[in-house]
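**Student:** I am attaching a structure below and will ask some questions about it afterwards.
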Amino acid sequence: MVLEETVIGIGIILLGIIAAIVVHVFCSMLARRADSTRSKMDDIIVLSCRKPLVAFIMVLSAYIALKYYFIIPESYSWILEEKYVAAASIFFITWVAAAFAEHAVTGYGRAIAARTKTDIDDQILTIFERSIRYIIWFLGILLILATIELDITPLVAGAGIAGLAVALAAQEILSNIFAGTIILVDQPLKVHDRVKINEYFGDVVHIGPRSTRIETVDHQLITIPNATITNSIIVNYAMPDIKMLVVLDFPVAYGSDVEMVMKVLRGVVNQAAREMDYILEDPAPIVLFWEFGESSLNFKMKVWTNDCKKEIYLRSHINREVNRRFIEEKIQIPYMQVDVHMRD
């Protein structure tokens, strides 16, 4: 009789495993079918229930076999008590609820965020996606502990004390997260903007909850804490638009023909504006005789580019052409020199 019941119990467990496999395959088919529908809810329901349902069927078959067909030693009979069965039920309900909440936030939240121009909602949504799952699991675990009659008061109190200790220890992290929120709301910079923060100059490639990453013009990745950014002066070359005024200095030797120098500089910049698509003709470039320097006549050239990221190429092109024309016109560029007069 015992052997017969044992065989039946093993058969029930095997049937449970087969049923779980069948349900898994069926849910996979439903998931593919749900992908072809316009509604997101059917996708969310299938994704949320598939794994918990498969696990529940296997656990249920094992429970039936243990309760009715296997002889359990007295020391392990407690696993069949009602409170542990209720705790297991709460576990599976929590699993479904956490998965449903996460998939619902991902499915509907991402669709809404994709229709907005700002990336604030994307950043907040990422944080919310991670938080909601942990919150539901934390509440579910508390309920499970209460169901199996464990005193959760010390746990809750301990969690409060631990939370305070973590908060004190993580002041810098929390300040960076708060600063990240300010950056996302105030938007002094955005991803792909060319900026200068302190001595760092480059393009923003990522704005995260704790830090912001900048790729410099020499392709180095700089990670700056958000709290540092909010306390720094930010030069954003991409705002209000990516157009940028570039100022170039050209010193020439004393005795040079000022009008000839200005003619050469105007000729170079006007030709560059006609040939290079990133150099603007409107606003028109300006050439100025700026000042009498200590050992040179100083000229300035002010020229606009339609893309702040092209500044280095503009400087290179203009400098190269000016140097070539100065050589042709025999215009000398002075070097630093000191005259020393000796007395007898």
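**Student:** Checking ALA157 against (1) surrounded by fewer than 13 Cβ atoms within 10 Å (Cβ to Cβ); (2) modelled with pLDDT of 90 or more, which single condition isn't satisfied?
**Tutor:** ALA157 satisfies every listed condition except (2).
This table checks each residue for (1) in a helix (DSSP H, G or I); (2) modelled with pLDDT of 65 or more; (3) outside the structural domain of ASN226 (by TED's automatic domain parsing); (4) more than 29 Å from HIS219 (Cα to Cα).
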site: TRP137; (1), (2), (3), (4): yes, yes, yes, yes
site: ILE144; (1), (2), (3), (4): yes, yes, yes, yes
site: LEU150; (1), (2), (3), (4): no, yes, yes, yes
site: HIS192; (1), (2), (3), (4): no, yes, no, no
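**Student:** Quick test for you: out of ASN236, ASN306, ASN226, pick the one residue that is within 31 Å of the chain's Cα centre (by Cα) and buried (at least 18 other Cβ atoms within 10 Å of the Cβ).
**Tutor:** ASN226
**Student:** Conditions: (1) within 30 Å of LYS190 (Cβ to Cβ); (2) in a helix (DSSP H, G or I); (3) among the aromatic types (Phe, Trp, Tyr); (4) out of contact with any Ser or Thr (no Cβ under 9 Å at 6 or more places or on another chain). PHE326 meets all but one. Number of the miss?
**Tutor:** Of everything listed in (1) within 30 Å of LYS190 (Cβ to Cβ); (2) in a helix (DSSP H, G or I); (3) among the aromatic types (Phe, Trp, Tyr); (4) out of contact with any Ser or Thr (no Cβ under 9 Å at 6 or more places or on another chain), PHE326 misses just condition (1).
**Student:** With the requirement that a residue be in a helix (DSSP H, G or I) and either out of contact with any strand residue (DSSP E or B) (no Cβ under 7 Å at 6 or more places or on another chain) or among the acidic types (Asp, Glu) (or both), what does the stretch 247-276 give you? Reasoning before the result, please.
**Tutor:** Within the stretch 247-276, the first condition is being in a helix (DSSP H, G or I), and the residues that meet it are 258-275.
Scanning the stretch 247-276 gives GLU259, MET260, LYS263, VAL264, GLY267, VAL268, ASN270, GLN271, ARG274, GLU275.
**Student:** From the residues in the stretch 203-214 that are under 14 Å from LYS190 (Cα atoms) and in a loop (DSSP other than H, G, I, E, B), which one is farthest from the chain's Cα centre (by Cα)?
**Tutor:** Residues of the stretch 203-214 that are under 14 Å from LYS190 (Cα atoms), as a first pass: 203-209, 211-214.
In the following step, the residues that additionally are in a loop (DSSP other than H, G, I, E, B) were identified as 208-209.
Values: GLY208: 4, PRO209: 8 Å.
Applying the filter and picking the extreme gives PRO209.
**Student:** Now for a separate question. Just one of ILE327, ILE333, ILE312 is free of Cβ contacts under 8 Å to residues at least 40 places away in the same chain and out of contact with any helix residue (DSSP H, G or I) (no Cβ under 6 Å at 6 or more places or on another chain); which is it? Let's see the steps before the verdict.
**Tutor:** Working: ILE333 fails: free of Cβ contacts under 8 Å to residues at least 40 places away in the same chain; ILE312 fails: free of Cβ contacts under 8 Å to residues at least 40 places away in the same chain.
When all the criteria are applied, what remains is ILE327.
**Student:** Right, another one. Among the residues in the stretch 34-52, are any assigned by TED's automatic domain parsing to the domain that holds GLU149, under 26 Å from GLU149 (Cα atoms), at pLDDT 80 or above and surrounded by 13 or more Cβ atoms within 10 Å (Cβ to Cβ)?
**Tutor:** Pass one, the stretch 34-52, residues assigned by TED's automatic domain parsing to the domain that holds GLU149: 34-52.
After this cut, where a residue has to be under 26 Å from GLU149 (Cα atoms) as well, the list is 52.
Adding the requirement that they be at pLDDT 80 or above leaves 52.
From the residues that got through so far, the ones that are surrounded by 13 or more Cβ atoms within 10 Å (Cβ to Cβ) too are 52.
Yes; the residues of the stretch 34-52 include at least one that is assigned by TED's automatic domain parsing to the domain that holds GLU149, under 26 Å from GLU149 (Cα atoms), at pLDDT 80 or above and surrounded by 13 or more Cβ atoms within 10 Å (Cβ to Cβ).
**Student:** May I ask you to list the residues in the stretch 258-270 that are surrounded by 13 or more Cβ atoms within 10 Å (Cβ to Cβ) and either assigned by TED's automatic domain parsing to the domain that holds VAL191 or free of Cβ contacts under 8 Å to residues at least 60 places away in the same chain (or both)? Spell out how you get there, then give the answer.
**Tutor:** As a first pass, look at the stretch 258-270 and keep what is surrounded by 13 or more Cβ atoms within 10 Å (Cβ to Cβ): 260-270.
Selection gives MET262, LYS263, LEU265, ARG266, GLY267, VAL268, VAL269, ASN270.
**Student:** Residues in the stretch 215-237 that are assigned to a loop (DSSP other than H, G, I, E, B) and either hydroxyl-bearing (Ser, Thr, Tyr) or within 25 Å of PHE178 (Cβ to Cβ) (or both): how many? Walk me through it before giving the result.
**Tutor:** Keep residues of the stretch 215-237 that are assigned to a loop (DSSP other than H, G, I, E, B), which gives 217-220, 231-233, 237.
Retained after the next criterion (residues that are either hydroxyl-bearing (Ser, Thr, Tyr) or within 25 Å of PHE178 (Cβ to Cβ) (or both)): 231-233, 237.
So the count comes out to 4.
**Student:** Same structure, new question: May I ask you to list the residues in the stretch 1-52 that are assigned to a helix (DSSP H, G or I), without any contact (Cβ under 8 Å) to a residue 12 or more places away in the chain and of a type in the set (Gly, Ala, Ser)?
**Tutor:** Once the filter is applied, which keeps residues that are assigned to a helix (DSSP H, G or I), without any contact (Cβ under 8 Å) to a residue 12 or more places away in the chain and of a type in the set (Gly, Ala, Ser), the stretch 1-52 yields only GLY11.
The values are calculated or read from the model by the stated rules, or taken from the named source; none is laboratory data. This structure is a prediction, so every number in the text was calculated from the model and none was measured. Don't worry about glycine lacking a Cβ; one is built from the backbone with ideal geometry, like all the others, and counts go over all protein chains shown.
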